[in-house]
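Below you'll find the structure, written out as structure tokens, and then a few comments.
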Amino acid sequence: MTAVAAGQEAEDRVAVASNWRLVWWRFRRHHLAMASAGLLILLYLVVLFPSFFSTQDPERTDARQAFIPVQSIHLLADGALSPWVPAIVGKRNPTTLRMEWTTDPKKRVPIRFFGAGPEWKLFGLVRTKLHLVVPADPTQRIFLLGSDRLGRDQWSRIMHGTQTSMTVGLVAVALSVILGVVLGGISGYVGGKTDQVIQRIIELLQSVPTIPIWLALSAALPRDWTPIQVFFAITVILSLVGWTTLGREVRGRFLALREEDFVLAARLAGCSRMRIILRHMVPTFVSHIIATSSLAIPVMIINETSLSFLGLGIRPPAISWGVLLQEAQNIQTLALAPWLLIPGLVVIVSVLAFNLVGDGLRDAADPYSH
């Protein structure tokens, strides 16, 4: 009897639950998607506070400390909780006369969590010196993921590169969603010549190879533009090319919805076309838009990384994952410092996380998948 009552209670909860609650209940059963969502939350915390996660100024250079290897964190020392990283020992190569660095675990450099380091501004307003990891001795430098050819800290540069690359993907997809929903909605709801014009534009954009469009538009950007101007230009370029698929999907949904009774009622009530599209029709499949957007973000991230890697996207001194991977173009450099490929691993992990979350959202938003 208790089991029957519990089953009836569960059915009652489902019967009165909102669509968003049903999507959440289905999504949280997808354990891999939940774990990926946690990883994405951590990445966007890095986007909000890159200086907090950094150990030093990402632009600080010292050619004498070039290609320092990874200093991994150790939490225990002599059986007690005392975090440290191995010290760096340098030896000059008698043949090449190049300084070669190695880690010496016998020598320890104490570190602290949530300690004071270089000053930075929280949201550009509040000055603070709080950092996640800092050396106990403020005069020392630590390189959790090694250093590049100019002696810049790879860990700190990846933190700031995460802010740029993840923001480009998010903003570009947001602009693509706006264009796709508005133009696709107008195309499907209004119909006629307006529909034909918008569909011919979509077909034109989809028929031209994407990579040449990116290369042409990116190469047309003035070389004297500031990193901020280039950032917004790359975002606009990616969004102008990426809205067509969603526009087609929205048009198909609107062709089916515009004959529904609630749309006819809104039209008879005197609602404008834009109000009917945005307030009555779009909310009926907003969960699908969210799922589609989550799958589009990793595509935008890879596009930005590819353009920056080729030198056509975001350019130094701005930092992005693609800019960091430019350091790994030289085979000789990779032989000396394989840790310069770590930004590529970050790209792979983040894109995989977005895809898993997107798959989970798509399954959760589909009422016929369960």
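Scanning region 118-146 for residues that are under 24 Å from residue 230 (Cα atoms) and of a type in the set (D, E, K, R) gives a single hit, 121.
For region 147-163, a tally of residues being farther than 20 Å from residue 231 by Cβ and outside any loop (DSSP other than H, G, I, E, B) returns 4.
Scanning region 300-323 for residues being of a type in the set (A, V, I, L, M) and at pLDDT 85 or above gives a total of 6. Within region 321-365, the set of residues being free of Cβ contacts under 8 Å to residues at least 60 places away in the same chain and assigned to a loop (DSSP other than H, G, I, E, B) comprises 328, 329, 330.
Among residues that are open to solvent by 30 Å² or more (accessible area, probe 1.4 Å) and part of a loop (DSSP other than H, G, I, E, B), residue 259 is included.
Take residue 333 and tell me if it is among the polar types (S, T, N, Q) and within 15 Å of the chain's Cα centre (by Cα).
Judged against the criteria, residue 333 is not a match.
Listed here are the residues, each with its yes/no results for (1) in contact (Cβ under 8 Å) with a residue 24 or more places away in the chain; (2) of a type in the set (A, V, I, L, M, F, W, C).
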{"position": "234", "(1), (2)": "yes, yes"}
{"position": "240", "(1), (2)": "yes, yes"}
{"position": "248", "(1), (2)": "yes, no"}
{"position": "252", "(1), (2)": "yes, no"}
{"position": "266", "(1), (2)": "no, yes"}
{"position": "285", "(1), (2)": "yes, yes"}
{"position": "291", "(1), (2)": "yes, yes"}
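Pick from 184, 169: which is over 28 Å from residue 308 (Cα atoms), open to solvent by less than 50 Å² (accessible area, probe 1.4 Å) and among the small types (Gly, Ala, Ser)? Unique residue meeting the criteria: 184.
With the condition kept exactly as written, say whether any residue in region 44-57 is polar (S, T, N, Q) and open to solvent by 40 Å² or more (accessible area, probe 1.4 Å). There is no residue in region 44-57 that is polar (S, T, N, Q) and open to solvent by 40 Å² or more (accessible area, probe 1.4 Å).
To keep it simple, each residue is scored yes or no on (1) outside the structural domain of residue 358 (by TED's automatic domain parsing); (2) assigned to a helix (DSSP H, G or I); (3) open to solvent by 80 Å² or more (accessible area, probe 1.4 Å).
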residue	(1), (2), (3)
225	no, no, yes
271	no, no, no
275	no, yes, yes
280	no, yes, no
285	no, yes, no
295	no, yes, no
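Given the criterion in the same structural domain as residue 238 (by TED's automatic domain parsing) and more than 27 Å from residue 334 (Cα to Cα), identify the matching residue among 168, 134, 126.
Details: 134 fails: in the same structural domain as residue 238 (by TED's automatic domain parsing); 126 fails: in the same structural domain as residue 238 (by TED's automatic domain parsing).
Just one listed residue meets the conditions, 168.
Of all residues in region 318-325, one or more are out of contact with any Leu (no Cβ under 6 Å at 6 or more places or on another chain), among the hydroxyl-bearing types (Ser, Thr, Tyr) and open to solvent by less than 20 Å² (accessible area, probe 1.4 Å). Contact map, region 178-205: first residue assigned by TED's automatic domain parsing to the domain that holds residue 275, second residue open to solvent by 60 Å² or more (accessible area, probe 1.4 Å) and of a type in the set (Ser, Thr, Tyr), Cβ cut-off under 9 Å, separation 6 or more or different chains; pairs are 180/245; 202/245. Considering region 10-32, the residues that are in a loop (DSSP other than H, G, I, E, B) and either among the β-branched types (Val, Ile, Thr) or at pLDDT below 80 (or both) include one that is most open to solvent (accessible area, probe 1.4 Å), namely 18.
The values are calculated or read from the model by the stated rules, or taken from the named source; none is laboratory data. All figures in this text were calculated on a predicted structure; none of them were measured in a lab. When we count neighbours, we look across all protein chains shown, and the Cβ atoms used for this are built from the backbone with ideal geometry, even at glycine. These accessible areas exclude ligands, DNA and RNA; they are computed on the full protein's heavy atoms, side chains included. Shrake-Rupley method; radii C 1.70, N 1.55, O 1.52, S 1.80 Å.
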